[in-house]
Amino acid sequence: MRAVIGDHVIVEGSRPGVPRRDGEVTALHRPDGEPPWEVLWSDTGHSTLFFPGPDSRLRHVTRHGPKSEAPRPSDRPRTSAKAGRSGPAGPGKPAAGPERAGPSDAGDLGRRVALRREQLGLGREETAVRAGMAVPYLEYLETSPADVEAGALARLAAVLKTTVTQLLGGGLDLPPGRASAAAHPVLEELAHSECWERLSTDGVGRVALSTATGPLVLPVNYWVQDGTLIFRTAPEGPLAAAVGRRVAFEVDRIDEVLRTGWSVLATGGAHRIDDRPAPAHPEQRDRPSPWAGGERDLWIRITPTELSGRVIRTADDPTR
């Protein structure tokens, strides 16, 4: 299905109670006219990125004179990043409420969607079907900077067991776990093997140690190798004091939507690594890679002697 500027898009109501929609193609994202397109909808007066589904069709408008030229990206209609809907604007007034939600930065939304989908073990096709959208549309969303209709984003968030706010990157400056507890939480101890299974995902953990001025707890990027925990820090940094001492290392994961999570605590001696451990694969040569950047050439290995963990599930969790 190929469009040119000025064509009309018609979306038939696919379910009872869903009205028919129509709009005008105002901008093309591909030179051959293939989707997605920018469509200005007649019922809202707002423009959205649109990928046609099986209930959509094009009505080509007969033109007289030279063919319309696709506007540059800077000429395309824009809407606010907040989700919502309002009627057409009055005379001399801009539209009061947009119909689509946009990511905080180009591509951020798509990356969050793809990561969350992979975390849940969902394929792209399965996710698209559950969310009621075309597979090519989800592929475009995950691989290109794009805005999404508020309704489609809400359905996608539900399939991914998260919220629209989290997909858009909202709440990143707030601590996790602010929601109330689940209806029927269950707290259980993790077996020794389960603790290592969770630690072995690598990621970010917290190193805790006692200092002359009091307890110190700092996050680090870590790597698991041969039953030990490895992290890098600056030779003059506060965590350099961990060398030759007994420390604690904690890692956790929290699911804000389901209000479940787990934590693992390891304690043991920390020692300096003079010879960097050989990576199992070439792509691991820089691991662990500190997000903080800078010169962090002091490699430290923690050898756990004690290991414990706990998990919060819900009473109806099928994985129990």
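Below are the figures for this structure:
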{"read-out": "Residue that is surrounded by the fewest Cβ atoms within 10 Å (Cβ to Cβ), among those in the stretch 153-168 that are closer than 16 Å to Glu125 by Cβ and among the hydrophobic types (A, V, I, L, M, F, W, C)", "value": "Val159"}
{"read-out": "Tally of residues being assigned to a loop (DSSP other than H, G, I, E, B), under 15 Å from His8 (Cβ atoms) and over 28 Å from the mean Cα position of the chain (by Cα) across the stretch 39-54", "value": "2"}
{"read-out": "Within the stretch 252-276, considering residues that are assigned to a loop (DSSP other than H, G, I, E, B) and not β-branched (Val, Ile, Thr), the one modelled with the lowest pLDDT", "value": "Arg276"}
{"read-out": "Residues of the stretch 13-33 that turn out to be surrounded by 14 or more Cβ atoms within 10 Å (Cβ to Cβ), modelled with pLDDT of 80 or more and assigned to a loop (DSSP other than H, G, I, E, B), as a count", "value": "1"}
{"read-out": "Number of the exception - Ser180 against (1) over 30 Å from Arg245 (Cα atoms); (2) part of a helix (DSSP H, G or I); (3) more than 17 Å from the chain's Cα centre (by Cα)", "value": "(2)"}
{"read-out": "The stretch 229-263: number of residues that are more than 28 Å from the chain's Cα centre (by Cα) and either outside the structural domain of Pro304 (by TED's automatic domain parsing) or surrounded by fewer than 17 Cβ atoms within 10 Å (Cβ to Cβ) (or both)", "value": "10"}
{"read-out": "Selected residue (only one of Val220, Val186, Val207 is surrounded by fewer than 17 Cβ atoms within 10 Å (Cβ to Cβ) and outside any helix (DSSP H, G or I))", "value": "Val186"}
{"read-out": "Sole exception among (1) in contact (Cβ under 8 Å) with a residue 40 or more places away in the chain; (2) assigned to a loop (DSSP other than H, G, I, E, B); (3) under 15 Å from the mean Cα position of the chain (by Cα) for Gly121, by number", "value": "(1)"}
{"read-out": "Number of the exception - Val207 against (1) in contact with a helix residue (DSSP H, G or I) (Cβ under 8 Å, 6 or more places away or on another chain); (2) hydrophobic (A, V, I, L, M, F, W, C); (3) modelled with pLDDT of 85 or more; (4) within 30 Å of Val39 (Cα to Cα)", "value": "(4)"}
{"read-out": "Residue match in the stretch 73-85 (condition: at pLDDT 50 or above, farther than 18 Å from Ala134 by Cβ and within 31 Å of the chain's Cα centre (by Cα))", "value": "no"}
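The values are calculated or read from the model by the stated rules, or taken from the named source; none is laboratory data. Please read these numbers as outputs of a predicted model, since none were measured by experiment. With ideal geometry, Cβ positions are generated from the backbone for all residues, glycine too; neighbour counts draw on all protein chains shown.
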